[in-house]
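Structure first, commentary second.
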Amino acid sequence: MLVDSHCHINFPDLASNMPALRAAMAENAVGHALCVSVTLKDFPAVLAVAEAHDNIFASVGVHPDYEDEPFFTADDLVRLAQHPKVIAIGETGLDYFRLTGDLDWQRERFRTHIRAAIAADRPLIIHTRSAAEDTIRIMREEGAERIGGVMHCFTESLEVAEQAMALGFYISFSGIVTFKNAGALKEVARQIPLDRVLVETDSPYLAPIPFRGKTNQPAYVKHVAEEVARLRGISLEALSEATTRNFFTLFRQARPCS
Ligand SMILES: [Zn+2]
Ligand SMILES: [Zn+2]
């Protein structure tokens with residue numbers, strides 16, 4: 001069975017369709033999914049999805065693209081993370097692709113999440129885009145290796161993957177790894193140790209081939225897993241088993257359901 005380690009099924013397009021999404025997960029041997037917060041305003045909806053379904057978990061955090069979010073402290077995140085279905089802090093990180101100018105607020109907010117993750121004993125979900133150097137630097141400065149986590153929707157170099165893994169982080173591949181022009185990323189997926197690999201959809205975004213351009217959903221993580229297995233020359237079953245074990249090793253608070 002697979003786990004979709006990162007999705008946004010609380011978004012209205014998907015949340016209104018939960019029975020079909022869950023049926024598709026079952027048909028494709030996708031046993032669990034982690035529904036990831038992008039704002040604190042959305043967090044109740046994320047938690048509601050997780051509370052309603054025993055194979056869906058939640059995270060709490062504010063995505064770096066949401067500049068106009070109200071101020072919050074590490075203590076606020078720690079308090080929200082106390083719920084037993086909340087297994088991670090994020091998604092957080094740095095994004096210098098979508099936003100430019102003075103991004104001190106983004107870096108400060110990233111530090112707040114790392115401090116919260118350590119205090120709440122919940123691993124981090126890190127988003128990094130066009131900002132790898134600062135992301136790794138802040139992870140080091142804040143002692144992120146004390147809690148670990150995942151570099152989600154990974155699109156960086158092998159060198160960046162190695163720097164993150166040295167801090168105890170896992171590397172999660174999305175549908176991007178199935179794209180024909182993703183040669184460098186396919187090479188990263190071949191080379192990193194199997195015990196550091198996770199797979200995700202980031203749905204509703206980034207649908208893998210053969211659904212590229214369509215609305216993504218957790219069941220499609222099977223296509224991501226098939227491509228990573230093919231690249232590594234192992235079976236889908238072996239890749240599923242390893243990535244599921246990795247998920248439950250990293251997210252210690254997540255209770256698997258049969
Ligand atoms: Zn992201
Ligand atoms: Zn995401």
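The values are calculated or read from the model by the stated rules, or taken from the named source; none is laboratory data. Note that the structure is a prediction, hence the values are computed from the model and not measured. Note: ideal-geometry Cβ built from the backbone for every residue, glycine included; neighbour counts use all protein chains shown. Just the protein is used for accessible areas: all its heavy atoms, side chains included, with ligands, DNA and RNA removed. Shrake-Rupley method; radii C 1.70, N 1.55, O 1.52, S 1.80 Å.
From largest accessible area down, sort ARG255, ARG129; use a 1.4 Å probe on the protein chains.
On the way: ARG255 185, ARG129 85 Å².
Largest accessible area first, the residues go ARG255, ARG129.
What's the extension gain from ALA48 to ILE234 if we count 0.36 nm per residue and subtract their Cα-Cα distance? Intermediate values should be presented prior to the final figure.
Working: separation 186, 0.36 × 186 = 66.96 nm, distance 3.68 nm.
The ALA48-ILE234 span can extend by a further 63.3 nm.
Working with all protein chains in place, sort LEU94, LEU158 by solvent-accessible area computed with a 1.4 Å probe, largest first.
Numbers: LEU94 0, LEU158 50 Å².
Result of the area sort, largest leading: LEU158, LEU94.
Which lysines have a Cα lying under 30 Å from the Cα of LYS186, excluding residues fewer than 8 positions away in the same chain?
In chain and number order, the partners are LYS214, LYS222.
Could you pull the Cα extents of segment 205-256 along its three principal axes, largest to smallest, in whole Å?
If we take the Cα atoms of segment 205-256, the spans are 34, 26, 12 Å.
Run lengths n ≥ 4 of DSSP H only: what is the helix-derived mean residue ellipticity at 222 nm for the chain, with -39500 (n - 2.57) per run over all residues, to the nearest 500? Working shown, then result.
Values: 10 runs with 103 residues, N = 258.
Helix contribution divided over all residues of the chain: -12000 deg cm²/dmol.
Probe radius 1.4 Å, ligands and nucleic acids left out: which of SER130, SER203, SER16, SER258 has the largest accessible area, and how do the rest follow?
Values: SER130 70, SER203 0, SER16 95, SER258 160 Å².
So the residues, ranked largest to smallest area, are SER258, SER16, SER130, SER203.
Give the lysines whose C-alpha is closer than 22 Å to that of LYS85, dropping any in the same chain fewer than 8 places away, or say none.
LYS41
Set Lys and Arg Cβ to +1 and Asp and Glu Cβ to -1, take the dipole of the chain about its Cα centre, and tell me which of ALA182, THR244, PRO218 lies farthest positive.
THR244
Evaluate the chain: find the radius of gyration of its Cα atoms, find its Kirkwood radius, and give the ratio Rg to Rh.
Details: Rg = 16.6 Å, Rh = 17.9 Å.
Radius of gyration over Kirkwood radius for the chain works out to 0.93.
Sort out for me the Cα centre separation of segment 40-65 from segment 101-174, rounded to whole Å.
Cα centres, segment 40-65 to segment 101-174: 20 Å.
Check each of the trypsin sites (Lys or Arg not before Pro) in segment 158-229 and keep only those in coil by DSSP with at most 15 other C-beta atoms within 10 angstrom; list them in order.
Values: sites: LYS180, LYS186, ARG190, ARG196, ARG212, LYS214, LYS222; in loops: LYS180, ARG212, LYS214.
The qualifying sites are LYS180, ARG212, LYS214.
Measure off 7 Å from each Cα along the Cα-to-Cβ vector at TYR66 and GLN191, then give the distance between these two points in nanometres to one decimal.
Roughly 3.5 nm, to one decimal.
Would you be so kind as to identify which of LEU34, MET139, LEU21 lies farthest towards the positive end of the dipole of the chain, taking Lys and Arg as +1 and Asp and Glu as -1 on Cβ and the Cα centre as origin?
LEU21
Could you work out the relative contact order of segment 1-118? I mean the mean sequence separation of Cα pairs under 8 Å and 6+ apart, divided by the number of residues, in percent.
Taking the mean separation of contacting Cα pairs over the length of segment 1-118, I get 22 percent.
Efficiency by 1/(1 + (r/R0)^6): what FRET value for ARG140 and SER258, r their Cβ-Cβ distance, R0 = 35 Å, to the nearest 0.05? Provide the component values of the computation, followed by the final result.
Numbers: r = 39 Å, r/R0 = 1.13.
Rounded to the nearest 0.05, the efficiency is 0.35.
Please list, in order, the residues from segment 10-26 whose amide nitrogen is less than 14 Å from a point placed 7 Å along the Cα→Cβ vector of LYS214.
Residues 21, 24-25 fall inside that zone.
Using the Cα atoms of segment 1-129, I'd like the radius of gyration and the largest Cα-Cα distance, Dmax, both in angstrom.
Cα-based Rg and Dmax for segment 1-129 come out at 14.9, 47 Å.
Taking 8 Å as the Cα distance limit and 6 or more residues as the minimum spacing, I'd like the relative contact order of segment 88-247 as a percentage. Don't skip to the answer; put the middle values down first.
Details: 271 pairs, mean separation 26.2, N = 160.
Computed value for segment 88-247: 16 percent relative contact order.
Considering the dipole of the chain built from charges on the beta carbon (Lys and Arg +1, Asp and Glu -1) around the Cα centre, which of CYS153, VAL199, SER235 is farthest to its positive end?
SER235
Can you give me the accessible area per residue for the chain, using a 1.4 Å probe, in Å²?
Heavy-atom SASA per residue in the chain reads 42 Å².
For LYS180 and LEU158 in the same chain, what is the full-extension length gain: residue separation times 0.36 nm, less their Cα-Cα distance, in nm? Please list the in-between numbers first.
Working: separation 22, 0.36 × 22 = 7.92 nm, distance 1.86 nm.
Taking 0.36 nm per residue and subtracting the Cα distance, the gain is 6.1 nm.
Along Cα→Cβ, 7 Å out, is where each label goes; now give me the distance between the ones at THR39 and ALA20 in nm to one decimal.
Between THR39 and ALA20, the label points sit 2.6 nm apart.
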